[in-house]
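> Can you read through this structure? Questions will come right after.
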Amino acid sequence: MRFRHPDGTTVHLSYCTNVHPAETLDGILAQLRDHCEPVRRRLGRDRLGIGLWLAKNAARALVTDPAALRGLRGELDRRGLEVVTLNGFPYEGFGAEEVKYRVYKPDWTDPERLAHTTDLARLLAVLLPDDVTEGTISTLPLAWRTPFDNVAAERARAALTSLAERLDALEDLTGKSVRIAVEPEPGCIVETTADAIAPLSAIGSRRIGICIDTCHLATSFEDPETALAALIAAGVTIPKAQLSAALHAEEPHLPDVRTALAAFAEPRFLHQTRTRTSAGLRGTDDLHEAVAGQALPDGAPWRSHFHVPLHAPPAPPLTSTLPVLQDTLSRLVGGPAPLARHLEVETYTWQALPTELRPRNRTQLADGIAAELTLARDLLVDLGLKELP
């Protein structure tokens, strides 16, 4: 979906396909047919943006087979789909029964992360629509927090610097500009937007910026105004933003709140949980650790890294951090010029929701994704952007 900002800039809205756990090329093609095109039809649009997730095997198959890559591009066109951004965070296994800490491997100290992201950039340069010259790829925030010493930090910096040089060469060759967006996430080396400033400044390339994920921002209790002002002051670009909402519990000391939270403590994904104290932010690596005992102070609200559907916050006594998304979005695109031009709805946890809230079939999932995109579209229109055909 495309929108015209009042300054004339085109802003792209997509939804991320990591909600559909295909990791082969055949699986990707089926995904476009069974999920993406039905969502587009529900929205009544001739064109729908998707933030494509290409796992290692799918990406390698496309890089080594130009005919297959042309075929994927043709299939996107035929189904009324377009790709301006890739989700390069998960490497493989995102559809496994247990993902948890595995999603952070390989990290940016491993040469395979550089190789895979380079592949993604080359693919994106081909997949971009003919009238679009800039693509973006979101990636993990360097590494999970431990172990990560100065040697590891230098290795990650060198890898991203090499990537920036490769992206310069790619633009010279193809005329397409690809930018990388490091995505802060609780528990990682770059947990907050503030944590991103020093390593990104050390790289010193406009090719490498930050991806603002509004679920992660909210989970860490970051103030959108403060966070964005600091990024702007430091000259850190925002190539991409992910529109998502975290799980919020206002009174976690109450038994019924703990019971409600426990229903979201599932075995597949990591749900880092945070609270604010007088001594600063406190947290656990996963939600079950927080609800099971005394690992986390409960005198102030808790937020958990669980991407809840934008249009359907959980029932009381829980809610979502949708207001943080709205505040952040207004600052990203509601000003005289957009700070980010690629926006992606990223609710990958539909099948991790409590059983009674999960979609039971493809039809219900497509309905839910379309409802999220409708909400995001309405927010953009309310900010003065004009939806384009």
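> Which value, in Å², gives the accessible area per residue of the range 205-299 when a 1.4 Å probe is used on the protein heavy atoms? It would help to have the intermediate numbers written out before the result.
Values: 3540 Å² over 95 residues.
About 37 Å² of surface per residue is accessible.
> Related question: Which semi-axes, in whole Å and largest first, does the equivalent ellipsoid of the range 1-111 have when worked out from the alpha carbon gyration tensor as the square roots of 5 times its eigenvalues? Numbers along the way, then the final one.
On the way: eigenvalues 128, 61, 43 Å².
The three semi-axes for the range 1-111 are 25, 18, 15 Å.
> Something else about it: How large a share of the accessible area of the range 172-299, in percent, is made up of carbon and sulfur atoms when the probe is 1.4 Å and the other protein chains stay in place?
Its accessible area is 54 percent carbon and sulfur atoms.
> Moving on to the next point. Between E250 and T161, what is the label-point separation in nm under the 7 Å Cα-to-beta-carbon projection?
For the pair T161/E250, the computed spacing is 5.0 nm.
> Give the average over all directions of the projected area of the C-alpha convex hull of the range 107-166, one decimal, in nm².
Working: hull surface 16.9 nm².
Here the figure is 4.2 nm², rounded to one decimal.
> In addition: In nm, what is the difference between 0.36 nm times the number of residues separating S330 and D34 and their Cα-Cα distance?
Taking S330 through D34 to full extension adds about 103.2 nm, to one decimal.
> Obtain the radius of gyration and the Kirkwood radius of the chain from its C-alpha atoms and give Rg over Rh.
With Rg and the Kirkwood Rh in hand, the quotient comes to 0.94.
> Work out from phi, with θ = phi - 60° and the Karplus expression 6.51 cos²θ - 1.76 cosθ + 1.60, the ³J(HN,Hα) of each residue of the range 318-326, listed in order in whole Hz, and give x for Gly and Pro.
3J(HN,Hα) across the range 318-326, in whole Hz: 9, 8, 10, 9, 3, x, 5, 4, 4.
> What fraction of the DSSP beta bridges in the chain is antiparallel, stated in percent and rounded to the nearest 5? Working shown, then result.
Working: 21 of 51 bridges.
Antiparallel bridges make up about 40 percent of those DSSP assigns within the chain.
> Same structure, new question: Rounded to the nearest 0.05, what FRET efficiency do R360 and D26 have when you use their Cβ-Cβ distance and R0 = 30 Å? Intermediate values should be presented prior to the final figure.
Values: r = 25 Å, r/R0 = 0.83.
After rounding, the FRET efficiency stands at 0.75.
> Using label points projected 7 Å from each Cα along Cα→Cβ, tell me how many nm separate A229 and A279, to one decimal.
Calculated label separation equals 2.9 nm.
> In whole Hz, what ³J(HN,Hα) sequence does the range 12-17 give by Karplus (6.51, -1.76, 1.60; θ = phi - 60°), x for Gly and Pro?
Each residue of the range 12-17 in turn: 9, 10, 10, 10, 7, 8 Hz.
> Over what distance in Å are the Cα centres of the range 266-287 and the range 91-163 separated?
24 Å
> In whole percent, and with a 1.4 Å probe on the protein chains, what portion of the accessible area of the range 45-130 is carbon and sulfur?
47 percent
The values are calculated or read from the model by the stated rules, or taken from the named source; none is laboratory data. The shown structure was predicted, so the numbers you read here are calculated from the model rather than taken from an experiment. Every residue, glycine as well, gets a Cβ built from its backbone with ideal geometry; the counts of neighbours run over all protein chains shown. When the accessible area is computed, the model is the full protein with side chains, heavy atoms only, and any ligands, DNA or RNA have been set aside. Shrake-Rupley method; radii C 1.70, N 1.55, O 1.52, S 1.80 Å.
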